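The values are calculated or read from the model by the stated rules, or taken from the named source; none is laboratory data. The model shown is predicted, which means the values in this text are computed figures rather than measured ones. Methodologically, a virtual Cβ is constructed for each residue, glycine included, from the backbone with ideal geometry; neighbour enumeration extends over all protein chains shown. Accessible surface is based on the protein model in full, side chains and every heavy atom, while ligands, DNA and RNA are left aside. Shrake-Rupley method; radii C 1.70, N 1.55, O 1.52, S 1.80 Å.
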Amino acid sequence: MKFFKSKSKPTVQEFIARYFSDNEEWRDNEDDLELIVQLIGFIRPSKPKKNLLVNISELIAFLKQHPLYSHNLSVYIKGILEEKKFNKILSDAAILQDVDFLFEVKKRIFAKFLPNQPQKDTLEYVLNQVFYLDTDIIWVKKIPMEQLESVYDLLGFTSLYTTPEPISPLSELMISMTLITQRISGRAMETDVIKMVPEFDGYESPFTAFEKELLEIEERIKVGPMYSIFPDDLSYKQLQVLHKQCEEFVEKAFGNSSKYGISLRVNQNLLRIRQQLERLKVLLPLLVTENKSDEKKNGIFLAIELIKFNCYKNNVRKFIAESTQLISYEITQHTAKTGEHYITEGRREYFRMFTTALGGGLIVGILCIIKLWLGRVETSYFGHAFLYSMNYSFGFIAIYILGFTLATKQPAMTASALVRALEEGKKKQGDKTEKYGAFAILFARVFRSQFIAFVGNVIMAFPVSLLGIWLIDYAFDYNMASEKWLKLITDISPIHSAAIFHAAIAGVFLFLSGIISGSVANRDKHGQVYFRIQEHPFLKRTIGKKRTMKFAKLYEKRWAGIISNFWFGVFMGSTAIIGLFLGLNLDIRHITFASGNLALSMYGSNYVMDNTMLFWGVFGIGIIGLVNFLVSFGLSLGLAFRSRDISIFELRFVTSSIWQHFKRKPMSFFLPTERKKKVIIEGPVE
């Protein structure tokens, strides 16, 4: 077949006149989809917009004026659609197919570039060829309903509600609904899912009851003569009630995640059930008609939904968003609870934070000296990565267990507490000042808490490192930093090295450590690890019930933090070595370690370093601390916003509120100026 070619782009009317006139050229290739692909290409807008209607009135008028073209086009399209199966689109498309998150992501990404091609006897094959762009559903839904009804009449489409033959629209619809219902019933009966909803123990499963009721309705529809049911049908109303109970089951399971924790596998199972229930909610009304007008509207609605499901079946962004929202919420709930301890209110808490920061600086100063010594150990790259990682890890764990504070470890925790304050503020009635005022006040407290932690870490790490290297030199007559002092001072200079980039990498690791802490706490809660330790028969018989209980509580309180600090140390200690292995300029810069390294470089140079280098070293410490804070806090804040489904555009109002508060009380960002008062309206965390 020779397709329409012209120097100027033809109109859709010219295209139809060329191929669907009385010469019946289209009959030579009735099974060829190229004509319908080109026809849709004429109708498809070049840039579909959500708020712009797609007008096909000229095409409708043209078909009305030329009944022959309309008839031939109808025969051609009906020939393409005849006996095409589509139940898999309704039951599978845009619904989670695998509980393995990474496998599903990879499958969808791969299908974006190389789409799955089903058998040619299916409607999915036709839709893949004709509506192959993800944006096609946008403009299709913007065609006015009255115009779609006119096209429906002109092309002479028959009603859905005819004898449900082996392959007919009605039979395909009912097959898909039956298949979805059976899948839901099986998935909802899995042990991990039932465990999330103990409230339903002892009651008949709403999913099983729904399946029975749907089967009874389908059997009645098959008998006829209407092949549909009325809206006031008692069985249909009962079906809607059961569907509502199924939705409540799923929402209760998601809601109980704060009590029992939730794994990614269970989250994916529940998400799949929710998506299938939403699909049934769309399909159930198609079984209901009152008159011929309903039959027509339902047929058009089904066609649009088929196109939509097929367009969205490989949507990666929506899948990731839905899959990670609840998990991220549970993780940030843990970090919000932990972060409250890092937010000072009164003077006593403020100076207690300063004291604990001094303790953190003390340990970091020692770690700086140990790392300098480990750098002289003759071993492989892997050996250095291991030694550096263990030095950092055990040091961070010691800081955590002793109750000391490491600056920049706070933002990843406090961001979630801030968003919780914003969430509570949004529930209140009033203007934007009232809604975001609590967030601004709490942010000021977070900022000053971070500020005093910086001060405490820096002013302690510097003298401890200086004293430590002097004692080593005094005892062994050996200046460990004499050969590396220039590198130490250069590495913290923002203009002589990539210190800012390396500080950002450290900020990412600080964020990840917060994620790990929340993830471990959520996993242990879901696995009932604390209760299992508490009731462990061997432990109770060997160390006694009281000690076992104490051990279980200690595990619950400390284990997530220990694992988080361990991995933070591994990240910090291995980054530079991985960079050397890959040939990339990767490293980490942390404000407290930068302070200790400045002391080591000064002593290593015998205090004769250039004043310019000293200035940039001191300035670099401040810049490194700022970047550490901004990156870790920004990532954590974004995750917290995402987990609570708060739009990122809220930040403009939040920023404005913070700025207004800063203009009113600038010193509150550095010193505790207000009286102690509860700001966060705390809800149950567990």
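Of everything in region 41-82 that's among the hydrophobic types (A, V, I, L, M, F, W, C), under 41 Å from the mean Cα position of the chain (by Cα) and open to solvent by 60 Å² or more (accessible area, probe 1.4 Å), which residue is nearest to V140 (Cα to Cα)? Break it down stepwise before answering.
Step one: filter region 41-82 for residues among the hydrophobic types (A, V, I, L, M, F, W, C), giving 42-43, 52-54, 56, 59-63, 68, 73, 75, 77, 80-81.
Next, only the ones that are under 41 Å from the mean Cα position of the chain (by Cα) stay: 42-43, 52-54, 56, 80-81.
Next, from what is left, pick out any that are open to solvent by 60 Å² or more (accessible area, probe 1.4 Å): 52-53, 81.
On the way: L52: 11, L53: 9, L81: 18 Å.
Per the stated criteria, the residue is L53.
The sole residue among F593, F581 that is in contact (Cβ under 8 Å) with a residue 60 or more places away in the chain and open to solvent by less than 60 Å² (accessible area, probe 1.4 Å) is F593. Counting only helices (runs of 4 or more DSSP H) that fall entirely inside region 201-271 and contain at least 1 residues that are of a type outside the set (K, R) and surrounded by fewer than 15 Cβ atoms within 10 Å (Cβ to Cβ), the qualifying elements are 206-223, 234-255.
Is it the case that some residue within region 449-468 is part of a loop (DSSP other than H, G, I, E, B), modelled with pLDDT of 80 or more and open to solvent by 20 Å² or more (accessible area, probe 1.4 Å)? Outline the logic, then answer.
We begin by selecting, within region 449-468, every residue part of a loop (DSSP other than H, G, I, E, B); these are none.
No: zero hits.
Checked against the criterion of being under 41 Å from the mean Cα position of the chain (by Cα), open to solvent by 40 Å² or more (accessible area, probe 1.4 Å), of a type outside the set (A, V, I, L, M) and farther than 16 Å from L306 by Cβ, the candidates K85, K142 yield just one match: K142.
Which count do you get for residues in region 149-200 that are charged (D, E, K, R), open to solvent by 60 Å² or more (accessible area, probe 1.4 Å) and farther than 30 Å from Y76 by Cβ? Residues flagged as charged (D, E, K, R), open to solvent by 60 Å² or more (accessible area, probe 1.4 Å) and farther than 30 Å from Y76 by Cβ within region 149-200 amount to 5. Selection of region 469-483 for residues being open to solvent by 50 Å² or more (accessible area, probe 1.4 Å) and out of contact with any Gly (no Cβ under 7 Å at 6 or more places or on another chain) yields W470, L471, Y474, A475, F476, D477, Y478, E483. The one condition from (1) small (G, A, S); (2) touching a residue at least 60 places away in the same chain (Cβ under 8 Å); (3) in contact with a His (Cβ under 9 Å, 6 or more places away or on another chain) that A552 does not meet is (2).
Yes or no: F309 open to solvent by less than 40 Å² (accessible area, probe 1.4 Å), of a type in the set (F, W, Y), at pLDDT 75 or above and assigned to a helix (DSSP H, G or I)? Please lay out each step first, then the result.
Details: open to solvent by less than 40 Å² (accessible area, probe 1.4 Å): yes; of a type in the set (F, W, Y): yes; at pLDDT 75 or above: yes; assigned to a helix (DSSP H, G or I): yes.
Taking the combined requirement at face value, the residue satisfies it.
Annotation: of all residues in region 484-503 being assigned to a loop (DSSP other than H, G, I, E, B) and among the polar types (S, T, N, Q), the one that is most open to solvent (accessible area, probe 1.4 Å) is S497.
Selection of region 647-677 for residues being among the basic types (K, R), assigned to a loop (DSSP other than H, G, I, E, B) and at pLDDT below 80 yields R675, K676, K677.
Residues that are of a type outside the set (S, T, N, Q), more than 30 Å from Y388 (Cα to Cα), out of contact with any strand residue (DSSP E or B) (no Cβ under 7 Å at 6 or more places or on another chain) and loosely packed, with under 15 Cβ neighbours inside 10 Å: does region 553-567 have at least one? Yes, region 553-567 contains at least one residue that is of a type outside the set (S, T, N, Q), more than 30 Å from Y388 (Cα to Cα), out of contact with any strand residue (DSSP E or B) (no Cβ under 7 Å at 6 or more places or on another chain) and loosely packed, with under 15 Cβ neighbours inside 10 Å.
May I ask you to list the residues in region 127-139 that are open to solvent by less than 30 Å² (accessible area, probe 1.4 Å) and either in a loop (DSSP other than H, G, I, E, B) or among the β-branched types (V, I, T) (or both)? I'd like the intermediate steps shown before the answer.
Keep residues of region 127-139 that are open to solvent by less than 30 Å² (accessible area, probe 1.4 Å), which gives 127-128, 130, 136-137, 139.
Selection gives V130, I137.
Within region 615-633, if we keep just the residues that are more than 15 Å from F593 (Cα to Cα) and in contact (Cβ under 8 Å) with a residue 40 or more places away in the chain, the residue that is farthest from the chain's Cα centre (by Cα) turns out to be W616.
For E124, the requirement of being farther than 23 Å from Y227 by Cα, touching a residue at least 24 places away in the same chain (Cβ under 8 Å), acidic (D, E) and part of a helix (DSSP H, G or I) is met. Before we move on, is D136 among the charged types (D, E, K, R), modelled with pLDDT of 85 or more and within 27 Å of the chain's Cα centre (by Cα)? The answer is yes for D136. For beta carbons closer than 8 Å, sequence separation of 6+ or different chains, a first residue in region 515-526 that is in contact (Cβ under 8 Å) with a residue 60 or more places away in the chain and within 24 Å of F633 (Cα to Cα) and a second that is crowded, with 20+ Cβ neighbours inside 10 Å and among the charged types (D, E, K, R), the qualifying pairs are G518/E330; N522/E330.
Could you please let me know if T344 is of a type in the set (S, T, N, Q), at pLDDT below 80 and part of a loop (DSSP other than H, G, I, E, B)?
Values: of a type in the set (S, T, N, Q): yes; at pLDDT below 80: yes; part of a loop (DSSP other than H, G, I, E, B): yes.
Yes, satisfied.
Test of understanding: among A594, A560, which residue is out of contact with any Leu (no Cβ under 7 Å at 6 or more places or on another chain), farther than 17 Å from I624 by Cα and assigned to a helix (DSSP H, G or I)? Working first, answer last.
On the way: A594 fails: farther than 17 Å from I624 by Cα.
That would be A560, the only listed residue that is out of contact with any Leu (no Cβ under 7 Å at 6 or more places or on another chain), farther than 17 Å from I624 by Cα and assigned to a helix (DSSP H, G or I).
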